[in-house]
Amino acid sequence: MQDKEPSPTATAPEAESADVALKHIVDGFLHFHHEVFPQQEELFKKLATAQRPRAMFITCADSRIVPELITHSSPGDLFVTRNVGNVVPPYGQMNGGVSTAIEYAIMALGVHHIIVCGHSDCGAMRAVLNPQSLEKMPTVKAWLRHAEVARTVVEENCHCANEHESMQVLTEENVIAQLQHLRTHPSVASRMASGQLFIHGWIYSIETSEIRAYDAEQDKFLPLDGNHPVPNATPKGRF
Ligand code: ZN
């Protein structure tokens, strides 16, 4: 979500009319159906009756984040759940879509990895920093209460120089908070204790396409650059 008013100097694409917007989507579907699908028919035939995704990917609903594109994945590879602010409500507070998807991914699909992915320039994080902007959006406001823990951590601990830095630290703290919420889900806690499930906290930069990943051992975000072992947010299994 993007809550900024477009500035005259912004390079954001201009809004198109509602008719043109829908035509683009339908034309896109027809292109996929007639051109792309026939080239990958084998894959889709295989996927027609079963899925075995490599990971669950929880990210923001922001249109600029495309999990399959940034991980170069194919249909069937990622079990994706998206919402405003890449939030994971703690277990027991809300039996909503995210909790349901987590339980299904672990129990029915047997995924071994859950990635919580935040991103730069997140409108949800900007709203958490400026709650007065949500006066006319009571549902968004209620949802983003799950990110309030991150705001408190930042407000009370970060000597942030400006809003840009606050946004960056808040985005990191939000990912860490959502990883903690994730661990309150019984299916997650159990599979982590037995060393069968690994959790990851990533932040994707829209501008540079870089990803930084949370490393629990060093308690900081490290670049996901292929030069180091993949940073991991999972404590050691106990069983
Ligand atoms: Zn966002």
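Below are the figures for this structure:
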quantity	calculated
Residue that is farthest from the ligand (Cβ to nearest atom) [pool: residues in the range 47-64 that are under 22 Å from Gly123 (Cα atoms) and surrounded by 20 or more Cβ atoms within 10 Å (Cβ to Cβ)]	Phe57
Unmet criterion (only one of (1) within 24 Å of Arg191 (Cα to Cα); (2) within 16 Å of the ligand (Cβ to nearest atom)) for Ala108	(2)
Residues satisfying the stated conditions in the range 93-123, i.e. β-branched (Val, Ile, Thr) and not in a loop (DSSP other than H, G, I, E, B)	Val98, Thr100, Ile102, Ile106, Ile114, Ile115, Val116
Verdict on Ser166 being part of a loop (DSSP other than H, G, I, E, B), small (Gly, Ala, Ser), free of Cβ contacts under 8 Å to residues at least 40 places away in the same chain and in the same structural domain as Pro186 (by TED's automatic domain parsing)	no
Single condition Met192 does not satisfy, out of (1) surrounded by 17 or more Cβ atoms within 10 Å (Cβ to Cβ); (2) in contact (Cβ under 8 Å) with a residue 60 or more places away in the chain; (3) among the aliphatic types (A, V, I, L, M)	(2)
Number of the condition not met by Met1 [criteria: (1) within 18 Å of the chain's Cα centre (by Cα); (2) in a helix (DSSP H, G or I); (3) at pLDDT below 95]	(2)
Residue identified as under 16 Å from the mean Cα position of the chain (by Cα) and assigned by TED's automatic domain parsing to the domain that holds Asn130 among Ala213, Ala189, Ala233	Ala213
Single unsatisfied condition, Gly85 versus (1) more than 23 Å from Ser190 (Cα to Cα); (2) of a type outside the set (S, T, N, Q); (3) more than 13 Å from the ligand (Cβ to nearest atom)	(3)
Pairs, first at positive phi in the range 173-189, second surrounded by 19 or more Cβ atoms within 10 Å (Cβ to Cβ) and at pLDDT below 95, C-beta under 6 Å, six or more apart	none
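The values are calculated or read from the model by the stated rules, or taken from the named source; none is laboratory data. On a predicted model such as this, the values are computed, not experimentally measured, just so you know. Glycine also receives a Cβ, built like all others from the backbone with ideal geometry; neighbour counts cover every protein chain displayed.
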